[in-house]
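First comes the structure, then the notes that go with it.
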Amino acid sequence: MEGVYRFLLTPRWWGINVFVVLAIPFCIFMGSWQLGRFEDRVQAHESAKDQAAEQSQERSAAAKEGSGAKARPLDALLPVDKETSGEQTRVTGRYGEQLLVPDRELDDKSGFYVLTLLRTDSGKSLPVVRGWLPGDADAAKAPAAPKGEVTVTGSLQASESPGSNGVSAAGGLPKGQLGAISSASLVNLVPDDMYDAWVTLDKGDSGMKAVPASAPNGTGLDLKAFQNLGYTGEWFVFAGFVLFMWFRLLRREAEFARDARLGLIPEQETPETSETPEAPKTSETSKITKATEA
């Protein structure tokens, strides 16, 4: 090896080289893994869109035929997952307490959902979104639910999480209003034993617009998906930064070694070994000295 680069054999540079050799593959691996996570979310998003389109076509075909053969019992679809979310279900019960879900958009317009609890024969209540109305949430605008026993048909949905899929995370809502449609939110508002799911009707009740089924949680291009993409870039940038700093240190060390061989770097002056001169004596010291000599 050329004399200029002999410093590469020093323990210090052995440590630097080992760090670089380990850090770059690790950064590439982590960047590739984050990219794979992003691609998985994109694929899940596309699959969810295809599934929603297929379910919408099935509902339209069933509506034209006037049959609900595709609807399945609620208990057969629980718990709600990516496979059963959006599936048609048919439930029988009696409507009870009604709540409003504000700040919901439909067709690029702001409005609110009208949600009514359906008490089933099992004793548990199922949240049913009967439709959407434009404007601010107002109980006077919401049509009353039908009386007596009813059978509803709609799309099964998983409980919502505040802050995801456009669900408001704001608290302090007025009485009779709900931010996220979930059993965890409803348990604090009503005494009923709740299903961990909800249903949106295929046809809006009492002239309201029907709320379309949404994709399951974790299948959309949400903030987490773009976080994965951002982390991908960060890991690859860090790998490039490690390589850049290694080359910079190498060049700087090589230039220093070359200048030292050419004698361009002056030798450090060695401190003289002469005794340090004594400090001048003060007047008090002089007096003590004279007294001693006397």
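Quick notes on this structure:
- Residue in the range 54-70 that is of a type outside the set (A, V, I, L, M, F, W, C) and modelled with pLDDT of 85 or more present: no
- Check on R90, at pLDDT 90 or above and surrounded by 13 or more Cβ atoms within 10 Å (Cβ to Cβ): yes
- Residue, surrounded by the fewest Cβ atoms within 10 Å (Cβ to Cβ), within the range 135-150, restricted to residues that are over 19 Å from I181 (Cβ atoms), touching a residue at least 12 places away in the same chain (Cβ under 8 Å) and not basic (K, R): G148
The values are calculated or read from the model by the stated rules, or taken from the named source; none is laboratory data. Note that this is a predicted model, so its numbers are computed, not measured. Every residue, glycine among them, receives a Cβ derived from its backbone with ideal geometry; neighbour counts consider all protein chains shown.
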